[in-house]
Amino acid sequence: MADKLQIRRLKEDSVLKPFDCGDDDLNEFFLNDAKRYQKQRLAVTYFGGSESRTTFFFALKNDSLSANNTSKWNKLGRNIPKYP
């Protein structure tokens, strides 16, 4: 019988198992920064996997772009239209 997929919300006392997606920045975020982001309410992270390793995670960042204030983005040379 196949194991059921379990998605767990990261908690301060969550034990993080090995994780490697091939991207050093993402690996480092999950293993070293995700709990701090959660504690500071910058992002909420969910993860899952087997008994021995984490196979996936995703983080929902608390952020937004305001249609009234795109000056930061326009400095990057992007043309962002303003909608009424």
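The values are calculated or read from the model by the stated rules, or taken from the named source; none is laboratory data. This structure is a prediction, so every number in the text was calculated from the model and none was measured. No Cβ is skipped: glycine too gets one built from the backbone with ideal geometry, and neighbour counts run over all protein chains shown.
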Name the pairs: first residue in the range 57-68 and exposed (fewer than 10 other Cβ atoms within 10 Å of the Cβ), second residue of a type in the set (V, I, T) and at pLDDT 65 or above, Cβ to Cβ under 9 Å, at least 6 apart or on different chains? L60/V44; L60/T45
Members of the range 1-35 found to be within 12 Å of the chain's Cα centre (by Cα) and surrounded by 11 or more Cβ atoms within 10 Å (Cβ to Cβ), listed by number: L10, L26, N27, E28, F29, F30, L31, D33, A34, K35
